[in-house]
Structures are given as C-alpha cells and as structure tokens.
Amino acid sequence: MKVSFLGATETVTGSKYLVETGSRKFLVDCGLYQGQKKEALMNREPLPIDACEIDAIFLTHGHLDHCGFIPKLIKDGFCGKIFATEATIEIAKIILLDSARIQESDATKYTSKNNPLSTPLYSLEDTQDSFSLFHKVELNKAFMIDDLEITYMNAGHILGASSVYLKGEKTILFSGDLGRYEDPIMYPPSDICEADYIVMESTYGSRNHSSMNPLVELEKILEDVVKNNRVLLVPSFAVARAQLFVHYLSQIFAKREDLKIPSFVSSPMTNAVTEIYKKFSSETKLSEEEFINSMSSVRFLEFSKDYSKLNKKKGPLIIVAASGMISGGRILKYLDHFGKHSNNKVLLIGYQAEGTIGYHLENDIREVSLLGHRMIVKAEIQKLENLSAHAGQDELLQWLSTNKNPKTQVILVHGEDKAQNDLKLKIEKDLSLQVSLSKEIREINF
Ligand SMILES: [Zn+2]
C-alpha cells in the first residue's frame with residue numbers, strides 16, 4: 001500500500017490523502033483549501049493523479065475542508081463511489097451547495113478573463129452531480145473492496161464524523177477531525193483499534209482549550225445583556241457550533257427565568273443543519289425530545305425578509321447568524337445595523353481566520369469593509385472560549401493512548417507548523433511512538 005499526502009500537510013485545510021493498493025486508488029477525504037487568494041489558487045492546481053483513475057472516496061465528515069473539492073473532482077472525471085455515514089452525506093450536501101454558490105459569486109469579482117479565478121471552481125450543477133455518488137456506510141461495520149477492509153469509527157467532532165480504518169496486509173487509521181471528550185452533544189471519539197500506521201490530525205497539537213466553563217461565562221454575558229438592554233450578535237458556523245450555542249442558551253433559560261432573552265437564529269443553512277441533527281439525534285448524547293426542547297428556546301427564522309423585522313427590535317435581544325467569521329451570510333446585515341451602537345455586543349464563539357471581519361474585530365480593528373462600504377464597529381467585542389469541536393492537545397494524546405501497539409508509526413497532518421512540531425515531541429516523550437510529519441515525508445510505502 002502507498003499513501004501520499006496531497007493536502008492538509010502544512011495547513012488545516014485541503015485534506016486529501018491518496019491510498020494506492022495493488023489494483024485500486026482511493027482518496028481519504030477530498031477537501032478544499034480555505035482562506036484567501038493563495039488558497040483559492042491552490043485549489044486550481046492539478047492533482048498528481050487523473051480524477052477518473054480514482055476508484056472511490058472515503059469521506060470522514062461534512063466540513064468543507066474535507067469534502068469541498070468533491071464537485072471539482074467530478075468535473076475532472078471522477079465517477080466512483082463516495083463512502084460516508086448517512087449524517088455526513090446530508091451535511092456534506094448542504095455544505096457543498098453553499099460552497100458552489102460562493103464559488104459562483106466569487107468568480108464574478110474577477111473581470112479579467114485571464115485570471116483563473118474568474119471562472120468558478122465548480123457550479124451548482126457539478127455539485128448536484130456529486131449527490132448520486134454518495135454511498136451510505138454504518139459505523140463499526142466493516143465492508144470490503146477487493147482485499148481491502150474498510151471500517152468507519154466514531155470520531156466525535158460533528159454529527160456523522162468518523163475515523164477511517166483500512167486493513168490490507170497492514171493496517172492504517174485516518175483519524176479525520178477528532179472531537180472533545182466532554183462535548184455536551186457529541187460522544188467522544190472511539191478508542192483506537194490497533195493500527196500499524198495512524199494518520200492523525202493536529203489542529204490543536206500545541207495547546208489545550210481553556211478550562212473556562214462556557215455555561216458560567218455565557219450566564220454572566222446574558223446578565224449583562226439584560227441589565228443594559230443590549231443586542232447580542234453571535235456570528236456562528238452553521239454546523240455544530242450554532243446547535244451547541246443554542247443548547248447552552250436553553251440550559252441557562254431553563255434555570256434563570258430572568259435571563260430568558262428573545263433569541264433568534266437567522267441562517268437558512270443553520271436551520272437545515274439543525275434538522276439533520278434532529279433526525280440523527282440518536283447518534284448524539286441528547287434524545288430527539290431533549291434536542292427539540294433545547295432548540296425550541298430560540299426561534300429559527302426562515303425568510304431573508306425576517307432580518308428587516310429583527311432590525312426594528314430593541315434589546316435585550318440575541319441574534320445568531322452565519323457566517324462564523326463574518327465573511328458572508330446574514331450576519332453582515334445585522335452587524336451593519338446593530339454594530340454601529342456601542343451599547344450592543346458581538347460575541348465571537350469560534351476561530352477567526354486572518355483577513356475576515358471576525359479576525360479584525362477579535363484584534364480590535366474597528367474599521368471594516370462590508371456590503372460595499374466601510375463602517376466603524378462601535379459594539380463591544382467579546383470572545384466565548386471553549387466551544388471548539390476539535391480535541392485539544394491532551395485530548396489528542398488521550399485518544400492516541402488508546403492504541404495498544406507500541407510499534408505504531410504516527411503521521412501528523414492537518415495542523416500548522418508549531419502544532420505539528422509540538423505534538424510530535426509530546427507523543428514521542430509521553431507515548432514513545434515514532435512520529436513523522438506529512439509535510440516532510442510526503443508519502444509512505446508499506
Ligand atoms: Zn472538521
């Protein structure tokens with residue numbers, strides 16, 4: 001077997017790993033590079049293999065940096081099966097349609113035909129073509145392709161997320177993105193079955209999450225919102241983060257009648273993903289009834305015209321809207337309206353990538369450009385830590401320590417330089433395993 005690391009070697013996006021057996025070629029994940037122009041151009045670079053030569057894709061989960069390149073691969077001739085859990089398939093469809101709309105809209109920003117970015121990476125049509133190739137798999141139920149045995153295992157992280165275990169003459173486990181051990185909604189990742197090689201994510205390889213309890217912090221924030229009649233704007237990712245935030249709100253509302261603030265989710269994508277969470281609630285720690293109860297503490301708005309109604313409201317008020325980094329979506333309109341007032345507050349609950357409005361606000365750069373004009377954001381900015389769906393350093397080590405094979409070789413992917421280097425040292429010291437960095441070795445043969 002040969003494994004080549006085609007993406008997410010030095011970054012946290014663009015996950016793509018090529019697995020070649022004697023007769024077959026597979027991809028584990030087929031993700032998009034995300035970021036600025038440099039990453040957009042990286043998505044245009046040809047893969048070192050013809051798309052039509054790839055037999056199948058093993059998809060770990062529905063985040064864009066793991067599935068977002070699929071329509072491009074199909075455009076280039078891929079026509080094999082895409083294996084994923086049912087929840088991942090449903091989430092990936094929503095994510096891919098949204099990505100296609102963004103690709104089409106981004107292309108219109110480049111007027112010169114010579115600019116490669118003036119044509120969308122893929123269209124809505126390419127994306128819809130991918131849907132018929134999805135093939136449902138069940139967790140912990142091995143299936144065969146020729147002599148290769150494939151098993152999907154729970155990875156926590158987000159709904160449907162899995163690690164992928166491949167067994168040929170030797171065994172290799174791809175962690176996918178790993179979740180938290182104490183997530184209120186998701187179960188922790190499954191223990192590792194013995195593997196000769198483990199390809200492991202290292203997003204938080206250099207640090208642990210804060211020990212702060214987000215429930216306690218959020219309660220203080222809500223007290224302040226009520227006391228000062230503030231409007232609280234919460235930019236949120238549609239997948240996992242919004243549902244977790246609403247779940248926390250519901251827990252506070254249940255015990256503090258005085259903090260029951262009118263709360264709205266204004267994001268069609270979040271509505272759609274929340275329905276999927278409801279449908280697959282048996283895969284979470286919450287029953288369907290508990291999940292429905294939790295989500296009913298806020299109102300999910302359906303129509304874009306709703307934002308003009310919300311804009312007329314006064315505090316105390318909570319509005320949750322995508323995108324999580326204020327790089328698009330309805331949050332732009334809410335920020336434009338409510339962000340002008342110093343009495344209001346923007347609550348950042350996730351990672352803010354460089355170049356985004358969220359990043360500017362996080363770093364107290366108040367003059368931002370949005371919806372075709374510049375504005376000064378006067379609203380207070382606050383961060384709520386510890387809502388991440390990624391395992392921190394200790395949790396990554398905890399997961400890896402469930403592997404009982406002392407000869408396992410670990411290959412780190414999906415992390416910045418420092419995260420990979422720090423995690424490598426920590427694994428070597430604490431677990432005495434041999435560790436390589438995918439950016440250095442590029443491929444393994446066994
Ligand atoms: Zn992910």
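The values are calculated or read from the model by the stated rules, or taken from the named source; none is laboratory data. This is a predicted model, so every value here is computed, not measured. Using ideal geometry, Cβ is built from the backbone for each residue, glycine included, and neighbour counts are taken over all protein chains shown. Areas reflect the complete protein model, heavy atoms only, side chains present, ligands, DNA and RNA absent. Shrake-Rupley method; radii C 1.70, N 1.55, O 1.52, S 1.80 Å.
What the table shows:
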item	result
Listed residue (Leu412, Ser132, Pro116) projecting farthest to the positive dipole end of the chain, Cβ model	Pro116
Rounded percent of accessible protein surface that carbon and sulfur make up, the range 1-115, 1.4 Å probe	48
Mean separation of Cα contacts under 8 Å (6+ apart) over length of the chain, as relative contact order %	18
Net charge contributed by nearby residues that have their C-beta within less than 11 Å of Ile252 (K/R +1, D/E -1)	-1
The chain - accessible surface per residue (Å², probe 1.4 Å)	43
Cα gyration tensor category, rounded, prolate or oblate, for the chain with a/c compared to 1.5	prolate
For the chain, built as a Gaussian network whose Cα springs stay under 10 Å, the top-fluctuating residue of Gly355, Gly156, Gly179	Gly355
Listed residue pairs exceeding 31 Å between alpha carbons, taken from Lys227/Lys383; Lys93/Lys260; Lys38/Lys312; Lys93/Lys220; Lys72/Lys424	Lys93/Lys260; Lys38/Lys312; Lys93/Lys220; Lys72/Lys424
Exposure rank, largest accessible area first [Glu20, Glu283; 1.4 Å]	Glu283, Glu20
Links that overshoot a 23 Å alpha carbon limit, given the list Lys16/Lys404; Lys313/Lys345; Lys16/Lys170; Lys37/Lys113; Lys75/Lys167; Lys255/Lys285	Lys16/Lys404; Lys75/Lys167
Cβ-defined net charge surrounding Ser266, 12 Å radius [Lys, Arg +1; Asp, Glu -1]	+4
Computed [θ] at 222 nm, helices only, for the chain once each DSSP H run of length n ≥ 4 contributes -39500 (n - 2.57)	-9000 deg cm²/dmol
Within the range 280-313, trypsin sites (Lys or Arg not before Pro) in DSSP loop having at most 13 other beta-carbon neighbours inside 10 Å	Lys285, Lys305, Lys312, Lys313
Amide H contacts of Val413 (H built 1.01 Å from N, under 5 Å, at least 5 apart or other chain)	Met200, Glu201, Ser202
Whichever aspartates and glutamates have a C-alpha closer than 17 Å to that of Lys340, once near sequence neighbours (fewer than 8 apart) are set aside	Glu362, Asp364, Glu367, Glu380
Sparsely packed GluC sites (Glu not before Pro) within the range 116-191, loop by DSSP, other Cβ within 10 Å at most 16	Glu138, Glu169, Glu182
Rounded accessible area of Ile292 (nearest 10 Å², 1.4 Å probe)	70
Exposure rank, largest accessible area first [Asp106, Asp146; 1.4 Å]	Asp146, Asp106
Cβ-placed point charges (K, R +1; D, E -1), dipole of the chain about Cα centre in debye, nearest 20	1640
Sparse-neighbour loop sites [chymotrypsin sites (Phe, Trp or Tyr not before Pro); the range 160-220; at most 16 other C-beta within 10 Å; DSSP]	Tyr181
Amide proton proximity set for Val137, modelled H, under 5 Å, gap of 5+	Ala84, Thr85, Glu86
Glu380-Ser23 FRET efficiency (beta carbon distance; Förster radius 56 Å; 0.05 resolution)	0.40
Principal-axis tilt of helix 268-279 within the chain, Cα atoms, nearest 10 degrees	60
Normalised contact order of the range 107-185, rounded percent, pairs of Cα under 8 Å and 6 or more residues apart	16
Residue among Leu310, Leu361, Leu347 with the largest mean-square fluctuation in a Gaussian network model of the chain, springs linking Cα atoms under 10 Å	Leu310
Separation of alpha-carbon centers, the range 380-446 and the range 109-168, rounded to whole Å	23
Cβ-placed point charges (K, R +1; D, E -1), dipole of the range 214-383 about Cα centre in debye, nearest 20	620
Relative contact order of the range 319-389, pairs being alpha-carbon contacts under 8 Å that are 6 or more residues apart, as %	35
Spatial separation of Cα centroids for the range 1-80 and the range 246-324, in angstrom	34
Highest-MSF residue in the chain out of His135, His63, His247 [GNM, Cα springs under 10 Å]	His135
For Lys136, net neighbour charge (Lys/Arg +1, Asp/Glu -1) across residues whose Cβ lies under 14 Å away	0
Carbon/sulfur fraction of accessible area - the range 214-383, other protein chains in place, 1.4 Å, %	51
